[in-house]
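Quick notes on the structure that follows.
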Amino acid sequence: MTSAVDPRSIARDRAELWPLDRGVIFLNHGSFGACPAEVLEAQHAWQREMERNPVEFLGRRSGALLRDARERLAAFVGARAEDLVFMSNATSAVNTVARSLALGPGDEVLTTDQEYGACDAAWEHACRARGATYRRARIPLPFAAAEAAGRLLAAATPRTRAIYLSHITSTTGLILPVGEVCRRARELGILTVVDGAHAPGHVPLDLDALGSDFYAGNCHKWMCAPKGAGFLHARPEHHAELEALVVSWGYCAEVEGHSGFDAYTGSTVLERRHQWQGTRDVSAFLAVPAAIEFQRRHGWEEVRRRCHALAAETRDRVGALTGLGPICADGDFGQMAAIALPPCDPEALRAALFERFRIEVPVTSHDGRQFVRAAFQGYNTRADADALLAALAALLPQRG
Ligand SMILES: Cc1ncc(COP(=O)(O)O)c(C=O)c1O
């Protein structure tokens, strides 16, 4: 095992540790993550191993290998490995739940007005197909964390079957009080589906303690795993109701009484239905332990703390430039700050930041307002924040 590394060196060593383009100031870890070179190498090593004998690897070894990787992930997110299954991304995990819940005409799924567009669409689609309603409760800005759970729960009706909400919101970077929502929803007999696309590796997780019925997560964002590594967590009483998006060999055990493919289809209903979806590259899943090890070795708690401080400082510096206040308290966001901007064309500003200043950063919109969503990861330094400040000073209209 390699010795611990000074967390500050992770940014200084950016060029060696991350394959990111040196000519770009990368402040958008939030969209698709970024994977360190050594984690990519671990993935490639799994791919080479697969190609030595694809039949042995996929047909006879992948089930046990995936189980080992899932155990490492389970320890990281505070869950039992039996309640987890790898999925390619959080979108797939949310779709799996949305399409599986036994919703009927008149039922309702309650959500917030801050959800990620693709997953909103998944729920709209699933609800429409079953004659159910998908309804959004407003979570106003500035964000009042103490009131958010109460606001959402107050919008529930006797027809509310499930509450779907993000752990960390996409356009506004807010950490929502998911623990309180899950606890209060359970008291009301309402299922909870948490979209944790941004949470693993960003905020500490203890999924067993959180108590959500379903939790969709990504490893390829803040855990820095290779692209295509996500997961679904479900409490044991829900495993049998979850239908796979792709029906494959694992279903034969149910429809034909097959039992011959356990090596790769698995031995639990969750594994059998969701793990084998035809021939596919599982190397991103198998590299998740390497991503966990990378962060452990580089003292990621300290990296996270430094990134949060940089995000908060950057928000304050942009605020001094624009005269606009923060949208939430410091404890309500992590490494990704949505910083209020004066009214602007978000796509034009994003394009100008990239084309004129080589800064990769999203400009988001919510509720008629615009934000620059600056994400700070281990490879970022204050110089990146300085560059963003200078670019915004040049591009935004002058005050007064
Ligand atoms: C809240 C939220 N949910 C889901 C997703 C989708 O993640 P993926 O593309 O990995 O499925 C995102 C992506 O940014 C997100 O912000």
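The values are calculated or read from the model by the stated rules, or taken from the named source; none is laboratory data. None of the values given here were measured: they were computed from a predicted structure. FYI the Cβ positions are ideal-geometry reconstructions off the backbone, even for glycines, and counts take in every protein chain you see.
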Considering only residues that are outside any loop (DSSP other than H, G, I, E, B) and among the polar types (S, T, N, Q), which ones fall in segment 114-169?
133, 160, 166
Which one of 201, 250, 189 is out of contact with any strand residue (DSSP E or B) (no Cβ under 7 Å at 6 or more places or on another chain) and within 16 Å of the ligand (Cβ to nearest atom)?
201
The condition of being among the acidic types (Asp, Glu) and in contact with a Lys or Arg (Cβ under 8 Å, 6 or more places away or on another chain) holds, among 82, 56, 124, 115, only for 115
Name the single residue that is surrounded by the most Cβ atoms within 10 Å (Cβ to Cβ) among those in segment 120-151 being within 14 Å of residue 176 (Cβ to Cβ) and within 16 Å of the ligand (Cβ to nearest atom).
148
I'm checking my understanding of the structure. Among residues of segment 85-119 that are more than 16 Å from the ligand (Cβ to nearest atom) and not small (Gly, Ala, Ser), which one is surrounded by the most Cβ atoms within 10 Å (Cβ to Cβ)?
101
Test result for residue 205, surrounded by 15 or more Cβ atoms within 10 Å (Cβ to Cβ) and outside any loop (DSSP other than H, G, I, E, B)
no
State whether one or more residues within segment 260-271 are small (Gly, Ala, Ser), loosely packed, with under 15 Cβ neighbours inside 10 Å and part of a loop (DSSP other than H, G, I, E, B).
yes
Being in a strand (DSSP E or B) and under 19 Å from residue 325 (Cβ atoms) is true for just one of 374, 385, 393. Which residue is that?
374
Return a yes/no flag: does segment 315-336 have any residue that is in a strand (DSSP E or B), closer than 19 Å to residue 364 by Cβ and not assigned by TED's automatic domain parsing to the domain that holds residue 247.
yes
Given (1) surrounded by fewer than 22 Cβ atoms within 10 Å (Cβ to Cβ); (2) within 15 Å of residue 274 (Cβ to Cβ); (3) touching a Cys at 6+ places or on another chain (Cβ under 9 Å), number of the condition residue 230 does not satisfy
(1)
For segment 283-293, indicate whether the set of residues that are in the same structural domain as residue 49 (by TED's automatic domain parsing), at pLDDT 95 or above, hydrophobic (A, V, I, L, M, F, W, C) and surrounded by fewer than 20 Cβ atoms within 10 Å (Cβ to Cβ) is non-empty.
no
Look at residue 285 and say whether it is in contact with an Asp or Glu (Cβ under 7 Å, 6 or more places away or on another chain) and among the aromatic types (Phe, Trp, Tyr).
no
What do you reckon, is residue 124 assigned by TED's automatic domain parsing to the domain that holds residue 267, in contact (Cβ under 8 Å) with a residue 40 or more places away in the chain and under 19 Å from residue 191 (Cα atoms)?
no
